[in-house]
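Q: My questions all concern the structure below.
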């Protein structure tokens, strides 16, 4: 066969593979740029053009004022928002997945609406509430806002898991004279745990990276995304790229370790 | 709120234990639902009231049922509304075209690389999206690789004529904003697509091939119709946030690409014209709800056909 037609055939057979990998490249390209430019030494205030290689930012990641402060504030808010939304959301998810009760469909709608609404609408309305009730903007208003929009995502994640659970397992526990509390602790909770963990991880990520709702409800408090936003106007320090790259590396490492651990457990 | 407490119990006489059991869901719901009522529902009521207030920052705002704010806001900012819908719809279509092959690849062709590819799709999330959006400033910059490639292929002249780019540059044009929107919401398209593709029984493909369907026919008649739930979920998850977004227009666009989110943000946080911001938010919410409802209806019937 003519090598050219053969090449054309291979290309046509793998068209979807090529297109898919192209999309993956499009998704990962900015991460590559962020990493490369964390080793840049820009001339002006902005880190958009490559000048020359330098590890200055990596050796001094907190070298610019307020950057690490904003980072630790974001981590603290994300942590508490995760705790709050996971507790409230898990309770709602159990009620929805396990019980028939009145107003069930209204509750479902109330859970669904925050996810179906553009973030800017939710952000502006919550800020209107705080303005009208005279609450001063800061840590607490950000935390409240984050718990509010993370809640629905936790409910969705946990509900899916609890719904797919075999109810006979709990009946078996009860047949073996387990008290309701024992059944919950020894059977229900361990099975629901992956769903709860997924919901918690999702809210941590959503809260840590949130900009729009924080923009409206933070006052003069600066979270990490707020810092990056401000720096787009004032000048982008290389340290932003360092933190972005480090977060990426740490998270990918965690995923890999978790996968390896899971594989080993499966084997043994 | 009373509907969620003990007052709502049916009157049937029951043993105390059974009655206690019936109350369990209400106790589970109480804290979370109260939270959503106070911090999600009540704010919308406050916003509704703000949208019909008049006044100034010094004298305070008072409810005067001034519905003209809605009309004024709409007539002044309809270009931004139309632009938001156009950008949001374009970005959603691009996400579908770009995301489908990748979701298909992960679901059917990746084999043992499936998990790795999945991690790579989610991995960008681990870097703050604002930092990644700023990286597009570098990629699309005037002296950058994209502009020089498109320029040497004489594509920029064509896109300039179409009004997608301006003056032989990509940054601060509709193209860069739509590119940013597509990039930012692409994973929200890929994940639901993958979920619904992965559920498809591989034997259906075999059956179609056994019946001498060509690959394209298999896709058109079997794969795509069965992935409709993912397509609908993915387009909603991209279109809604993309239409309300103001970050990409702010970071990658100029004043000519301002979307409705930018207007709401500046009215609320800079101009401090709360009634206009509230009215615009409600118009945006209503417009999106209407579009989403129509879309779900339509896609539902197409699914059956």
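Just so you know, all these numbers are worked out from the coordinates, no wet-lab data involved. As the structure is a computational prediction, the values presented were derived from the model and not from experiment. Cβ sites come from the backbone with ideal geometry, for glycine too, and all protein chains shown count toward neighbours.
Q: Taking a ≥ b ≥ c as the square roots of the Cα gyration tensor eigenvalues, with a/c under 1.5 meaning rounded and otherwise prolate when a/b beats b/c, else oblate, which class fits the stretch A:3-59? Kindly include the intermediate steps, with their values, before the conclusion.
A: Numbers: a/c = 4.34, a/b = 3.44, b/c = 1.26.
Because a/c hits 1.5 or more and a/b exceeds b/c, the stretch A:3-59 counts as prolate.
Q: For the stretch A:67-236, what does the relative contact order come out to in percent, with C-alpha contacts under 8 Å and a separation of six or more?
A: On the way: 189 pairs, mean separation 70.1, N = 170.
Worked out over the stretch A:67-236, it gives 41 percent.
Q: A further question follows. Using the Kirkwood radius over Cα pairs, work out the Stokes-Einstein diffusion coefficient for the stretch B:86-154 at 10 °C and 1.306 mPa s, in µm²/s as a whole number. Numbers along the way, then the final one.
A: Working: Rh = 14.7 Å.
Estimated via Stokes-Einstein, D reaches 108 µm²/s.
Q: OK, next. Can you give the FRET efficiency to the nearest 0.05 for residue A:265 and residue B:270, using r as the Cβ-Cβ distance and R₀ = 41 Å?
A: Details: r = 54 Å, r/R0 = 1.32.
Using R0 = 41 Å, I get an efficiency of 0.15.
Q: May I ask for the distance between the Cα centers of the stretch B:149-183 and the stretch A:26-49, given as a whole number of Å?
A: 21
Q: When a/c reaches 1.5 or more, the comparison of a/b and b/c decides; with that in mind, is the stretch A:181-268 rounded, prolate or oblate per its Cα gyration tensor?
A: oblate
Q: Mind checking the mean number of beta-carbon atoms from other chains within 10 Å of the Cβ atoms in B:100-106? Show your work: numbers first, answer last.
A: Numbers: counts 4, 10, 10, 2, 4, 9, 2.
Mean shielding by partner chains, rounded to a whole number: 6.
Q: Under the rule of -39500 (n - 2.57) per DSSP H run of 4 or more residues, summed and divided by the residues of chain A, what mean residue ellipticity at 222 nm is obtained, to the nearest 500 deg cm²/dmol? Walk me through the numbers before you get to the answer.
A: Values: 13 runs with 203 residues, N = 268.
Rounded to the nearest 500, it is -25000 deg cm²/dmol.
Q: Given a Förster distance of 22 angstrom, what is the FRET efficiency for residue A:256 paired with residue A:53, based on the Cβ-Cβ distance and rounded to 0.05?
A: 0.20
Q: Shifting gears a bit: With springs only between Cα atoms under 10 Å, which of B:152, B:49, B:176 fluctuates most in a Gaussian network model of chain B?
A: B:152
Q: Still on this structure, I have one more. Classify chain B from the C-alpha gyration tensor, please: rounded if a/c falls under 1.5, else prolate or oblate depending on whether a/b exceeds b/c. It would help to have the intermediate numbers written out before the result.
A: Values: a/c = 2.17, a/b = 1.10, b/c = 1.97.
In terms of gyration-tensor shape, oblate.
Q: A further question follows. Comparing A:149, A:53, A:216, which has the greatest mean-square fluctuation in the GNM of chain A with Cα pairs linked when under 10 Å apart?
A: Highest fluctuation of the listed residues: A:53.
Q: Quote the relative contact order of chain B in percent (integer), defining contacts as alpha-carbon pairs under 8 Å separated by 6+ residues.
A: With pairs under 8 Å counted, the relative contact order is 24 percent.
Q: Distance from the Cα centre of the stretch A:208-258 to that of the stretch B:198-227, in angstrom?
A: 43
Q: Something else: If N is the number of residues in the protein assembly as shown, what value comes out of its Cα radius of gyration divided by 2.2 N^0.38 Å?
A: Computed over Cα atoms of the protein assembly as shown, the ratio equals 1.05.
Q: Roughly how many Å is it from the Cα centre of the stretch A:127-167 to that of the stretch B:242-305, as a whole number?
A: Comparing the Cα centres of the stretch A:127-167 and the stretch B:242-305, I get a distance of 22 Å.
Q: Provide a whole-number value for the mean count of partner chain Cβ atoms within 10 Å of the Cβ atoms in peptide A:17-26.
A: So the per-residue partner count for this stretch is 6.
Q: Same structure again: Among A:143, A:176, A:75, which one shows the biggest mean-square fluctuation in a GNM of chain A, springs joining Cα atoms closer than 10 Å?
A: Answer for the Gaussian network model of chain A: A:176.
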